[in-house]
Structures are given as structure tokens and as C-alpha cells.
Amino acid sequence: MKQFLSRLRAPALAFLAALGGFATGAAADPLTVALSTWVGYGPLYIAKEKGFFKDEGLDVKLVLMEDVKTRMPALTAGRIDVAVTTVDAVLAFTSADRPLTYLFAVDDSRGGDGIVANKAIKDVAGLKGKKIAFTEGSVSQFFLGVLLKDAGLTVKDVEALNMTAGDAGAAFVAGKVDAAVTWEPWLSRGKATPHGALLVDSSAKPGLITDVMVTTKAKLEARRPEMTALYRAWSKAVDWQKTHADEADAIMAKGVGGWLEDPKVFAETRAGIVFYDSAMNATFMDPAKPDGIVATIANAKALGEAAGLFKLDADPAGMVAAGIVK
């Protein structure tokens with residue numbers, strides 16, 4: 001796995017937005033959303049192609065920034081308006097001076113990420129002392145960390161090798177490591193080896209590997225109507241995708257591009273994730289829900305601080321933007 005909003009031109013436009021949205025075709029500064037090449041972001045291209053952004057009075061610019069270490073600093077510096085990334089990745093970039101806030105969820109890994117391991121390893125506890133390849137500081141480490149924590153272990157209890165997800169999968173297929181935290185197609189390739197099996201995948205932990213729209217709290221307050229409009233456009237795109245699957249895959253594959261430019265490959269990869277519609281967002285983004293985004297933030301905070309990646313003086317519930325998801 002992986003691993004764009006606008007300033008109102010005049011008080012009159014802000015007043016119209018406050019009454020329930022922008023007039024169709026209303027002039028607006030571009031809303032810049034930065035993202036990487038990932039299947040879960042496909043509905044953004046549906047929203048652009050089918051005019052859902054325009055219907056909401058938005059001029060959205062989708063900007064490709066593959067590296068989260070480029071994307072998130074650009075957000076905190078104000079060079080972009082919104083970034084798309086995983087819940088855990090946000091925490092390393094927020095600060096008291098430039099606090100970040102979660103707007104809404106876009107997709108959830110439901111089998112697209114996982115751990116392939118030697119057949120002799122029967123459960124997560126069996127990873128203790130084993131050679132495991134994963135990308136340090138990534139959602140793969142977060143996923144592994146949560147699973148190890150549940151088994152009474154930490155990353156210090158395994159022999160960690162820092163590799164990209166693709167290299168980790170290839171190393172496992174070649175028999176060079178005992179296990180790898182990776183995603184498709186390497187999960188399938190790992191399972192297909194004589195020595196390999198799927199130990200666990202992300203379907204066992206729904207809501208854990210979730211991509212979200214995030215912005216700064218300052219940007220949210222300056223452009224709140226547009227942030228809400230972005231959410232409405234996203235929800236329309238997801239609803240449209242449900243009833244136009246083949247056409248949607250063609251639009252999304254073309255928009256996302258890269259290794260996902262073939263609609264068939266896109267559709268196969270999409271099978272491992274789920275897009276968040278309005279009903280799912282209403283549940284997941286509710287700070288009062290014990291198994292929603294607050295739990296994921298709290299897990300990421302605890303693991304990140306334990307690993308010495310950051311020290312964050314922030315309440316997880318206070319990081320969720322109120323009033324965007326309705």
C-alpha cells in the first residue's frame with residue numbers, strides 16, 4: 001500500500017457556501033490535493049471526470065507527490081491544501097505550531113496488505129526472533145507493530161530488515177527472509193512459493209490501514225465550506241462507482257495511472273480495498289466510536305512514541321475535524 005481546497009473570493013460567496021454549498025460554476029481558487037499512486041484514491045478522478053467537483057463549486061487540482069516525506073511537509077508549509085495518506089503517517093508531521101486535522105476517510109485495506117511467512121510460522125507470536133522485511137516508518141511497520149503488540153511483542157523482538165514493500169516481497173519469494181510485510185502482487189506470489197503462506201492480512205484489522213484526507217487546522221478554518229464540499233463530491237463519486245463498476249475502473253485506472261493504468265489490474269487491486277462512502281465515514285469518523293478513527297490514531301501514537309519516531313502532545317479525538325462528515 002503505498003501509500004487538493006480553495007480560498008473564498010468574497011464574503012458573498014462564503015455566505016452562499018454557509019447556506020449549503022457553492023453555486024454551480026461559482027469562481028473559486030483551485031483546491032490543491034496531493035496524493036500518491038494508489039487504487040484507493042481513484043474516486044477523486046471520477047469526481048473530476050463526472051463533474052462532481054464542479055457541481056460543488058470546486059476547482060480541484062490533483063497533484064502527484066509519491067513520497068509522504070515530501071507530501072506532508074508541503075501540507076504543513078501551506079504549499080498544498082489537502083494531502084491524502086494513511087492515518088498513522090499524519091502523526092509524524094503534526095506539531096503544536098502547525099496542527100493537522102483529519103477530514104474524512106477515503107479507503108480501507110481489506111486484504112490488500114498483509115504478512116507472508118514461512119509455513120512453519122503458524123501465528124504472529126511465531127515471528128519472535130525471525131528475520132522480517134518491511135519498510136521502516138511506513139504503514140507496513142504500523143501494521144506489524146499493532147499485530148505484535150496484540151501478541152505481547154514489539155518490533156524489537158524480531159530481526160527487522162528495512163526494504164520497500166516490493167523488495168520485501170521479492171526477498172521472501174527468494175527465501176532470503178522468514179517473513180515480509182507487503183501487499184499485492186507480492187502476497188499472492190509469496191503464498192504461491194513452496195515455503196510460503198499468508199500469515200495474516202488487513203481484513204483481520206478493518207479500520208487499521210485507512211487512507212484519509214488531512215489538512216492543517218488553520219486551512220480548515222480558512223476554507224471550511226470547501227472542505228465540506230470536497231467531502232460531498234467524494235461521497236457522490238463513491239456512490240457512482242458502486243453502480244458503474246466497469247466504467248469507473250476505466251476512469252480511475254486512467255487517472256491514477258502508473259502501475260494501475262490497466263483497468264484489469266486496477267480492478268484486481270481494488271478487490272483488496274473498500275472505498276469509504278458516507279455511511280462508513282459517519283461511523284468511522286465519529287470520535288465517540290471506540291473502534292473508529294480515534295482507536296487507530298491512539299494505536300499509531302502509542303507505537304510511534306514507543307519507537308522514538310515522535311513525541312505528540314495531542315488528544316486523538318481532538319485531531320478529528322468536526323462538522324465535515326454529516
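Points to keep in mind about this one:
- Total residues in segment 273-326, condition in contact with a Leu (Cβ under 8 Å, 6 or more places away or on another chain) and open to solvent by less than 30 Å² (accessible area, probe 1.4 Å): 8
- Pairs are defined by a Cβ separation below 7 Å, a sequence spacing of at least 6 or placement on different chains, a first member in segment 102-120 that is within 14 Å of R189 (Cβ to Cβ), and a second member that is in a loop (DSSP other than H, G, I, E, B) and at pLDDT 95 or above; the pairs so defined are A117/D178.
- Among the residues making up segment 194-207, those that are open to solvent by less than 10 Å² (accessible area, probe 1.4 Å) and not in a strand (DSSP E or B) are S202, G207.
- Checked against (1) more than 19 Å from G40 (Cα to Cα); (2) out of contact with any Pro (no Cβ under 8 Å at 6 or more places or on another chain); (3) outside any loop (DSSP other than H, G, I, E, B); (4) not aromatic (F, W, Y), D286 passes all but condition (3).
- In segment 182-193, residue most open to solvent (accessible area, probe 1.4 Å) [restricted to those that are in contact with a helix residue (DSSP H, G or I) (Cβ under 8 Å, 6 or more places away or on another chain) and either farther than 30 Å from G126 by Cα or not in a loop (DSSP other than H, G, I, E, B) (or both)]: R189
- Selection within segment 173-185 - farther than 16 Å from L144 by Cα and not β-branched (V, I, T): A174, G175, K176, E184, P185
- Of the strands (runs of 3 or more DSSP E) lying entirely inside segment 110-181, those carrying at least 1 residues that are modelled with pLDDT under 95 and under 30 Å from M280 (Cα atoms) are 113-118.
- Flag if D249 is acidic (D, E) and assigned to a helix (DSSP H, G or I): yes
The values are calculated or read from the model by the stated rules, or taken from the named source; none is laboratory data. All values derive from a computational prediction rather than experimental measurement. Methodologically, a virtual Cβ is constructed for each residue, glycine included, from the backbone with ideal geometry; neighbour enumeration extends over all protein chains shown. For accessibility, only protein heavy atoms count, side chains too; no ligands or nucleic acids. Shrake-Rupley method; radii C 1.70, N 1.55, O 1.52, S 1.80 Å.
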